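Novice: Quick one: this structure, given as structure tokens, is what I'll be asking you about.
The values are calculated or read from the model by the stated rules, or taken from the named source; none is laboratory data. Note that the coordinates shown come from a computational prediction; the quantities given were computed from them, not determined experimentally. Ideal geometry is used to build each Cβ from the backbone, glycine not excepted, and the neighbour counts take in all protein chains shown. Surface accessibility is based on the protein's heavy atoms, side chains included, excluding ligands, DNA and RNA. Shrake-Rupley method; radii C 1.70, N 1.55, O 1.52, S 1.80 Å.
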Amino acid sequence: MNKTCKLFILFFSFTLLYSCTNPNNKNNDLKFGIVIHGGAGTIEKQNYSNERIAEYYDKLNEALATGYSVLENGGSSIDAVEQTIMVLENSPLFNAGKGAVFTANGINELDAAIMDGSNLNAGAVAGITTIKNPIKLARKIMEKSKHVMLVGKGAEIFAAEQNLEIVDPSYFYTEERWQALQRIKEDEIKQKAKDESYLNNIYDYKFGTVGCAALDKNGNLAAGTSTGGMTNKKYGRVGDVPIIGAGTYANNNTCALSATGHGEFFIRNVVTHDISAMMEYKNITLNQAAEKVVMEKLVKQKGEGGVIGIDKNANITMTFNTTGMFRGFKTSDGKSEVKIFKE
Ligand code: ASP
């Protein structure tokens, strides 16, 4: 071997060794990505104007772009989830924050949760009426309190202590959601509660919950969900969204997930934790586990809804058993999609 050749081999070995051991290089090849939903339900093209459909696409794209740029710039999955959900909460198009549905008493009671898959920390909030961005409060509860879940007035006192933006409850009023409540109430008066078409209409009125799951360049997973719950909900009803393991779950060993649909079914089936547990104990893929829970277990029980999720290798699931789900994803390998209807 001549000298040049030896030198070349030496240089090559050194470069290889350096790139394997240099901590700054460790993230270069790691995949990252984000997936979102804006609710699942009886979502059919003929019920929407073209303008309205375009508005939905625009907002979903804006939310995805917001979260993706956080990840692309090396930000954490928790930051990406929080910022993405805030975009959707601030839009009247979705049943969360500004567009929240009304309770039977004609007010808006909001629920939200966030979870950090790197340490299994979580924060959740239920039944709040004056916090502009419930997802921000969920994160404060996770990071600045000793608790996982706060509800009602106490949660609002904590929010004020944390200097979160407080709004008058009238901020959450939207004419569309108000009219939806009036229609349900009229139907109730006509005692149509057992009629199949009435039940279908309930779904029309309630979907729009928002959620996000993300994987960052450091391999950390996070998930969050935010909602106004279900139109005409009564007696301080709390859905699956703020119940860790039901509507929201993240674990670096498996995946991060956010659910949407008829909350009572998602609570009883501990849906998001069930999917994660199946991946962990049965060693199946994210998509296989989501199919099992959403398309088999829930369908058998007539539990309508869906989940979005991302696993530790940036594989995505967007699985739903309804006619549509507002949804989208973007991953670092260049794949992305935004969809509303089943097709
Ligand atoms: N899961 C929410 C709840 O039951 C509603 C929805 O996702 O549309 O509160």
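Novice: Which order do peptides 97-109, 317-329, 271-283, 177-189 fall in by mean Cβ count within 10 Å, highest first?
Specialist: So the peptides 97-109, 317-329, 271-283, 177-189, ranked by packing, come out 317-329, 97-109, 271-283, 177-189.
Novice: Taking the Cα centroid of the range 323-340 and of the range 62-128, what is the distance between the two, rounded to the nearest whole Å?
Specialist: 17
Novice: Okay, which of the range 231-259 sit inside 17 Å, backbone N to the point 7 Å along the Cα-Cβ direction of Arg268?
Specialist: Inside the label zone: 238-241, 246-247.
Novice: At a probe radius of 1.4 Å, what is the per-residue accessible area of Phe265, in Å² to the nearest 10?
Specialist: Rounded to the nearest 10, that gives 30 Å².
Novice: Keeping every protein chain present and rolling a 1.4 Å probe, give me the accessible area per residue for the chain in Å².
Specialist: 46
Novice: Once neighbouring chains are kept in place and the probe is 1.4 Å, which whole percent of the accessible area of the chain is contributed by carbon and sulfur?
Specialist: Within the chain, the accessible surface is 52 percent carbon and sulfur.
Novice: Beyond a 19 Å Cα-Cα separation, which of these cross-linked pairs lie in this structure: Lys136/Lys330; Lys297/Lys339; Lys31/Lys59; Lys45/Lys302; Lys59/Lys98; Lys45/Lys342?
Specialist: In this structure, Lys136/Lys330; Lys297/Lys339; Lys31/Lys59; Lys45/Lys302 exceed 19 Å between Cα atoms.
Novice: Would you calculate, for the chain, the mean residue ellipticity at 222 nm contributed by helices, counting each DSSP H stretch of 4 or more residues as -39,500 (n - 2.57) and dividing by all residues, to the nearest 500?
Specialist: -11500 deg cm²/dmol
Novice: Could you check the spin-label model distance between Gln162 and Tyr281? Points 7 Å from the Cα along Cα→Cβ, value in nm.
Specialist: For the pair Gln162/Tyr281, the computed spacing is 3.2 nm.
Novice: Restricting to the range 69-192, what percent of DSSP beta bridges are antiparallel, rounded to 5?
Specialist: Values: 7 of 10 bridges.
Around 70 percent antiparallel, to the nearest 5.
Novice: Tell me the relative contact order for the chain as a rounded percent, counting alpha carbon contacts under 8 Å between residues six or more apart.
Specialist: For the chain, the relative contact order is 24 percent.
Novice: Still on this structure: Please compute the length gained on full extension between Gln46 and Glu143, using 0.36 nm multiplied by the number of residues separating them and subtracting their Cα-Cα distance.
Specialist: Going from the current span to full extension adds 30.5 nm.
Novice: Starting from the Cα of Asn73, step 7 Å along the direction of its Cβ; do the same at Phe341; then give the gap between the two resulting points in nm.
Specialist: That separation, rounded to one decimal, is 3.7 nm.
Novice: Against the longest principal axis of the chain, how steep is helix 77-89, in degrees 0 to 90 to the nearest 10, with axes from Cα atoms?
Specialist: 30
Novice: Enter the accessible area of Lys45 (Å², nearest 10), with the probe set to 1.4 Å and all protein chains included.
Specialist: Rounded to the nearest 10, the figure is 130 Å².
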